[in-house]
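Trainee: Below: one structure in structure tokens.
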Amino acid sequence: MDIYLVGGAVRDELLGRPVVERDWVVVGATPAELEARGYLPVGKDFPVFLHPQTREEYALARLERKVAPGYRGFTTEFSPTVTLEQDLARRDLTINAMARSADGQIIDPFGGRTDLEQRILRHVSPAFVEDPVRILRVARFLARFAPLGFTVAPETLALMRRMVEAGEADALVPERVWRELARALDEPAPRAAIGLLRDCGALRVVLPEVDALFGVPQRAEWHPEVDTGEHIMLALQIAAARGAPQTVRFAVLAHDLGKALTPREQWPRHHAHETLGLPAIEALCARLRVPQEHRELALLASRFHTHVHRALELRTSTILELLERGDAFRRPARFAEFLEACECDARGRLGLADAPYPQRARIERALDIARAVNLDDHDREGLDGAKIGERLRSKRLAALKAMLADPAD
């Protein structure tokens with residue numbers, strides 16, 4: 001029985017990056033032998049075990065064979081005769097197909113170390129085409145490593161394009177698409193993932209609503225980058241640079257979907273794109289089974305982001321309505337994420353990443369003022385139900401008018 005550290009842990013060690021989790025491959029063993037040593041079996045489709053002390057995953061070396069379309073169309077074979085190189089050969093990228101032995105030797109049958117040094121994401125073998133999830137995984141790895149100078153090998157990109165043309169991407173199940181997309185959004189360069197998916201044609205399959213934004217013009221005086229898709233990429237990268245949570249990054253990705261639905265004769269104006277995009281967001285979230293908190297924030301950002309952008313021009317009564325419709329009093333944390341998405345949107349314009357955005361401060365100041373308003377017993381006297389709410393709103397509006405300058409006055 002020989003045990004090897006494999007995959008991402010080896011890659012990250014060689015890159016000098018922190019190793020988050022360690023995966024191990026066991027060669028020359030049977031499930032019974034591992035269980036006899038106290039390993040806990042947890043794998044459903046193939047033998048995976050948890051170490052009795054570290055709880056790290058140990059998998060028996062295995063082969064995979066394609067028997068049907070899609071990423072589930074595989075049979076798995078394992079036995080003590082499967083070699084380490086055979087196990088590594090089924091992996092997606094060369095940089096993920098290395099192993100380290102117990103004595104520290106690096107086993108690298110596919111040139112992963114050289115590709116690490118040259119900053120290249122390259123497929124291991126032609127078997128890459130057998131699993132469409134690998135398209136999404138390459139995009140995710142590019143989102144992680146693009147800041148280090150990594151690019152996708154031309155032959156790998158060509159292979160991804162052929163997979164899309166062959167309809168392999170159509171077999172991706174919603175849960176897996178969302179899982180990989182969400183992980184890509186959390187990486188340092190999520191725009192790189194979206195760009196790669198577009199380059200290989202997969203974006204129009206998995207995110208057609210986002211793909212439709214590319215080539216849609218906007219008014220140059222407001223958006224120097226003009227192209228709506230490029231604006232989304234810029235805003236998404238701003239969100240990543242600011243360390244925004246995944247919910248905000250998704251809201252940024254989805255907030256302008258309505259611009260793809262504007263009639264061409266109205267371009268580059270996009271009247272009512274805020275509400276036009278709501279059904280598109282609902283459809284995207286339903287299709288990919290996006291979590292509820294992501295969906296809610298994306299809808300809020302689409303519907304009201306232009307209100308925040310015009311905050312310096314809004315009357316206090318309109319600002320109060322924004323706070324109410326955004327549920328800012330009951331859900332201040334979500335409202336703060338909404339404002340973050342709006343700021344990323346404002347900064348995601350060519351040459352304006354560092355421009356001042358006082359609109360957010362005005363809305364935050366208004367929320368602080370309105371939240372400080374309370375009703376005492378005298379205020380509540382003789383009132384009940386809706387009348388109490390009306391009185392509270394009246395006092396909040398009075399406080400806002402007293403403490404905020406109304407642009408209309």
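The values are calculated or read from the model by the stated rules, or taken from the named source; none is laboratory data. These numbers come from a predicted model, not from an experiment. Cβ atoms come from the backbone with ideal geometry, glycine included; neighbour counts cover every protein chain shown.
Trainee: Cβ-Cβ below 8 Å, separation at least six or inter-chain, first residue in the range 78-94 and more than 16 Å from Ile3 (Cβ to Cβ) and free of Cβ contacts under 8 Å to residues at least 40 places away in the same chain, second among the aromatic types (Phe, Trp, Tyr) and surrounded by 15 or more Cβ atoms within 10 Å (Cβ to Cβ): which pairs?
Mentor: If the second residue must be among the aromatic types (Phe, Trp, Tyr) and surrounded by 15 or more Cβ atoms within 10 Å (Cβ to Cβ), the pairs left are Ala89/Phe110; Thr94/Phe110.
Trainee: Can you tell me which residue among Ala182, Ala220, Ala166 is closer than 21 Å to Val124 by Cβ and either touching a helix residue (DSSP H, G or I) at 6+ places or on another chain (Cβ under 9 Å) or surrounded by fewer than 21 Cβ atoms within 10 Å (Cβ to Cβ) (or both)?
Mentor: Ala166
Trainee: Still on this structure, I have one more. Using beta carbons and a limit of 6 Å, which pairs, at least six apart or on different chains, have the first residue in the range 157-169 and more than 13 Å from Ala139 (Cβ to Cβ) and at pLDDT below 95 and the second one not acidic (Asp, Glu) and not in a helix (DSSP H, G or I)?
Mentor: Close Cβ pairs (under 6 Å, with a partner that is not acidic (Asp, Glu) and not in a helix (DSSP H, G or I)) amount to Glu168/Pro132.
Trainee: Only residues in the range 206-220 that are in contact (Cβ under 8 Å) with a residue 60 or more places away in the chain count as the first member; pair them with residues that are assigned to a loop (DSSP other than H, G, I, E, B) and surrounded by 18 or more Cβ atoms within 10 Å (Cβ to Cβ), Cβ under 9 angstrom, at least 6 apart or cross-chain, and list the lot.
Mentor: Val206/Leu172
Trainee: Hey, can you tell me all the residues within the range 344-374 that are within 21 Å of Val226 (Cβ to Cβ) and assigned to a helix (DSSP H, G or I)?
Mentor: Cys344, Asp345, Ala346, Arg347
Trainee: Right, something else. Glu265: within 17 Å of Ala143 (Cβ to Cβ), among the acidic types (Asp, Glu) and surrounded by fewer than 22 Cβ atoms within 10 Å (Cβ to Cβ), yes or no?
Mentor: Judged against the criteria, Glu265 is not a match.
Listed here are the residues, each with its yes/no results for (1) surrounded by 17 or more Cβ atoms within 10 Å (Cβ to Cβ); (2) free of Cβ contacts under 8 Å to residues at least 12 places away in the same chain; (3) under 17 Å from Glu64 (Cβ atoms); (4) not assigned by TED's automatic domain parsing to the domain that holds Leu5.
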position: Glu130; (1), (2), (3), (4): yes, no, yes, yes
position: Val133; (1), (2), (3), (4): yes, no, yes, yes
position: Arg144; (1), (2), (3), (4): yes, no, no, yes
position: Leu148; (1), (2), (3), (4): no, no, no, yes
position: Pro154; (1), (2), (3), (4): no, yes, no, yes
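Trainee: For the range 264-298, give me each residue that is under 14 Å from Phe335 (Cα atoms) and either aromatic (Phe, Trp, Tyr) or in contact with a His (Cβ under 9 Å, 6 or more places away or on another chain) (or both).
Mentor: Ala298
Trainee: Another one. Kindly evaluate Asp256 against the criterion of being buried (at least 22 other Cβ atoms within 10 Å of the Cβ) and either in contact (Cβ under 8 Å) with a residue 12 or more places away in the chain or hydrophobic (A, V, I, L, M, F, W, C) (or both).
Mentor: yes
Trainee: In addition: Tell me yes or no: at least one residue of the range 308-321 is closer than 20 Å to Ala251 by Cα, of a type in the set (D, E, K, R) and out of contact with any helix residue (DSSP H, G or I) (no Cβ under 6 Å at 6 or more places or on another chain).
Mentor: yes
Trainee: Out of Arg330, Arg295, which single residue is closer than 27 Å to Gln237 by Cβ and at pLDDT 95 or above?
Mentor: Arg295
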